[in-house]
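Asker: The structure under discussion is supplied below as structure tokens; questions concerning it will follow.
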Amino acid sequence: MRVGAGPVSFGVYGLAETGAEPSAEQLVAAMSSCGYDGAELPPTGYAGPPGAAGRLFEQYGLTPVGIYIPIHFADPTLRAADEVRMEDALQELERAPNGPRIAILADEGSDTLLHNPGRGDDLTHALDPEQFDQLCRAVNRMAADIRRRGLVASFHPHISTYVETPTEIRRLLEATDIGLTFDTGHIALGGGDVLECWEEWRGRINHVHLKDVHREVMARAKAEGRRDFDLWWAEMFPPLGAGDLQLEQFLALLSDTQYQGWAVVEQDRAPLHSRQQLQDAVAVQAANLRWVRRNTTPSSAAT
């Protein structure tokens, strides 16, 4: 298993604003300085046109693992615009000089779902069967195109989206042939048992995100009816090992099942606004990497 960094751990979610921290080069330099083997590429356009991010990764000795591609699957108009941006993301992966080149598709949900996270068995805001079938058909079409280009296709279930709960994930896996990005935090927040879900879906998993969570943050936000999703969201993710999840046991399970792919550390945080905040993020993410290595057995550390 090789361990990578996620841009969201450094407050990077979308395009950089003028004068925002960090710049693309600052981001890549920060991820490299933590000691990670590689990292996921920043969002499409963050570093410039396709190829720019890959060159920065090569300059700083980072393996480009993949890139996150959000798609509004339930909204045809927004989905069409997302697919245009997806083309740049896939071109970025095609230009990557090495690495697994994973195209990580994820549903982007809706504003309504942002205000109703952790839906569980409540079908009020879920897609109806035909709508979910349409989502799966779109995923299959995109995955086929990704594979035709020599890239690896994976799907990332995510809180506050239409593929959030274990039931929805099972339906997606049954109706598609895409691989699964197993995010420990999102599986747990969506109502799944991380260890049991790993065992159930192991044959489809081709990528891992390591994330710890404080479940009570989301429970409190729901109880209070908070609408400032971007604010309380960043409060939910502590350093690895400091939250509610059994991550030590999960890493042991990765070893037991001889997982040989990448595990990308993600500790979602609010966007950064200063060099000091970037330095603070580097310290925390370097500590996260040390934590993973302390809790990883020699057999699961093999590349």
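Asker: Test P166 against the stated conditions and say whether it is crowded, with 16+ Cβ neighbours inside 10 Å and more than 21 Å from E94 (Cβ to Cβ).
Answerer: So P166 fits the description; yes.
Asker: Quick check on R275: is it closer than 20 Å to L113 by Cα, open to solvent by 20 Å² or more (accessible area, probe 1.4 Å) and charged (D, E, K, R)?
Answerer: Answer is no for this residue.
Asker: A80: in a helix (DSSP H, G or I), farther than 29 Å from G261 by Cβ and free of Cβ contacts under 8 Å to residues at least 12 places away in the same chain, yes or no?
Answerer: Judged against the criteria, A80 is a match.
Asker: Testing A96 on (1) in a loop (DSSP other than H, G, I, E, B); (2) farther than 30 Å from Q258 by Cβ; (3) more than 16 Å from the chain's Cα centre (by Cα); (4) modelled with pLDDT under 95, one condition comes back false. Which one is that?
Answerer: If we test A96 against (1) in a loop (DSSP other than H, G, I, E, B); (2) farther than 30 Å from Q258 by Cβ; (3) more than 16 Å from the chain's Cα centre (by Cα); (4) modelled with pLDDT under 95, just (2) comes out false.
Asker: Return only the number of the condition from (1) more than 22 Å from A281 (Cα to Cα); (2) of a type in the set (A, V, I, L, M, F, W, C); (3) open to solvent by less than 10 Å² (accessible area, probe 1.4 Å); (4) touching a residue at least 40 places away in the same chain (Cβ under 8 Å) that L114 does not satisfy.
Answerer: Failed condition: (3).
Asker: Specify the residue that is surrounded by the fewest Cβ atoms within 10 Å (Cβ to Cβ); the eligible residues are those in the stretch 72-110 that are basic (K, R) and touching a helix residue (DSSP H, G or I) at 6+ places or on another chain (Cβ under 9 Å).
Answerer: Restricting to residues being basic (K, R) and touching a helix residue (DSSP H, G or I) at 6+ places or on another chain (Cβ under 9 Å), the top hit is R95.
Asker: Return the residues of the stretch 220-241 that are more than 18 Å from the chain's Cα centre (by Cα) and open to solvent by 60 Å² or more (accessible area, probe 1.4 Å); say none if nothing qualifies.
Answerer: R220, K222, A223, E224, R226, R227, L231
Asker: Limited to the stretch 17-52, what total is found for residues that are touching a Pro at 6+ places or on another chain (Cβ under 9 Å), under 22 Å from H156 (Cβ atoms) and assigned to a loop (DSSP other than H, G, I, E, B)?
Answerer: Total satisfying the criteria: 6.
Asker: Across the stretch 25-52, what is the number of residues that are small (G, A, S), modelled with pLDDT under 95 and surrounded by 19 or more Cβ atoms within 10 Å (Cβ to Cβ)?
Answerer: Total satisfying the criteria: 1.
Asker: Pull up the stretch 178-216, narrow it to residues that are in contact with a strand residue (DSSP E or B) (Cβ under 8 Å, 6 or more places away or on another chain) and charged (D, E, K, R), then point me to the one that is most open to solvent (accessible area, probe 1.4 Å).
Answerer: R204
Asker: While we're here: Applying the selection to the stretch 139-155, what residues are surrounded by fewer than 19 Cβ atoms within 10 Å (Cβ to Cβ) and in a helix (DSSP H, G or I)?
Answerer: N140, R141, A144, D145, R147, R148
Asker: Restricting to the stretch 53-71, what's the tally of residues that are open to solvent by 30 Å² or more (accessible area, probe 1.4 Å) and either part of a helix (DSSP H, G or I) or within 23 Å of F155 (Cβ to Cβ) (or both)?
Answerer: The qualifying residues number 5.
The values are calculated or read from the model by the stated rules, or taken from the named source; none is laboratory data. Since this is a predicted model, take the numbers as computed values, not measurements. For neighbour counting, all protein chains shown are included, and Cβ atoms are generated from backbone atoms with ideal geometry for every residue, glycine included. The area values use the complete protein model at the heavy-atom level, side chains included, leaving out ligands, DNA and RNA. Shrake-Rupley method; radii C 1.70, N 1.55, O 1.52, S 1.80 Å.
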